[in-house]
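What follows is a short report on a single structure.
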């Protein structure tokens, strides 16, 4: 899914945006006000970043009265993850070494 | 958020050596060190040991199952200061006689869903881990 990957990489390439996303991953749900307090940028800037994150499917917003709570959608990162193949590659190369070892061993 | 999601990596290979010999390579520390990592492995169920990579990474392991010449299973956990980057998995080796040789099967399973995001962080955790593994492998080659 190269398109999905492109969007995710572009979205997370911005350090402020990535920091917001990481904070939501770490701490759970937050309002814009709470996020702004630690973001080091203005509230409109935080709102804009959250909008981009939402468009990429990385955050979910939950309106409650006049407040909107944002939470991380970690499953959206799935397209970036290909550790399964990397791990398989790791074991394949380990098995190469294992065969080398066996060839050197007695019996 | 999806519920517990277990992913599995399976690698199989026909090895031109009998199971008994392969078993030694899987269970004797000085031999394990030659193909996998430095370790203080003992083939006793419940024994805790570490696999130490050249890159400084340490895997915390515990022996879960020992069937001499047939199967070996241990946990393969990588602790990280940030829990989201933790890796918890179980590695199981199964040896099946195949002619004069052995069919070796490695199954690694049991990743929690939040480990996927750690990798997706694109800079940290798993990618770093694998990057260092790859550096290690390059040096080994």
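What is the one condition in (1) within 12 Å of chain B (Cβ to nearest Cβ); (2) in contact with a helix residue (DSSP H, G or I) (Cβ under 7 Å, 6 or more places away or on another chain) that residue A:15 does not satisfy?
Among (1) within 12 Å of chain B (Cβ to nearest Cβ); (2) in contact with a helix residue (DSSP H, G or I) (Cβ under 7 Å, 6 or more places away or on another chain), the lone unmet condition for residue A:15 is (2).
What single numbered condition from (1) touching a strand residue (DSSP E or B) at 6+ places or on another chain (Cβ under 7 Å); (2) within 13 Å of another protein chain (Cβ to nearest Cβ); (3) surrounded by fewer than 17 Cβ atoms within 10 Å (Cβ to Cβ) fails to hold for residue A:24?
(3)
Let me spell it out: the conditions are (1) farther than 30 Å from residue B:108 by Cα; (2) surrounded by 14 or more Cβ atoms within 10 Å (Cβ to Cβ); (3) at the interface with another protein chain (Cβ under 10 Å from one of its Cβ atoms), and residue A:8 meets all of them except one. Which number is the exception?
(1)
Tally up the residues in segment A:27-55 that are within 14 Å of chain B (Cβ to nearest Cβ) and in a helix (DSSP H, G or I), please. Give the steps one after another, and end with the answer.
Of segment A:27-55, the ones within 14 Å of chain B (Cβ to nearest Cβ) are A:27-29, A:53.
Pick out the ones that are also in a helix (DSSP H, G or I) and you get A:27, A:53.
Final tally of qualifying residues: 2.
Every number here is computed from the coordinates shown, using simple stated rules; none is lab data. Here the structure is a predicted model, which is why all the values come from computation and not from measurement. Note that we place each Cβ from the backbone using ideal geometry, even for glycine, and neighbour counts take in every protein chain shown.
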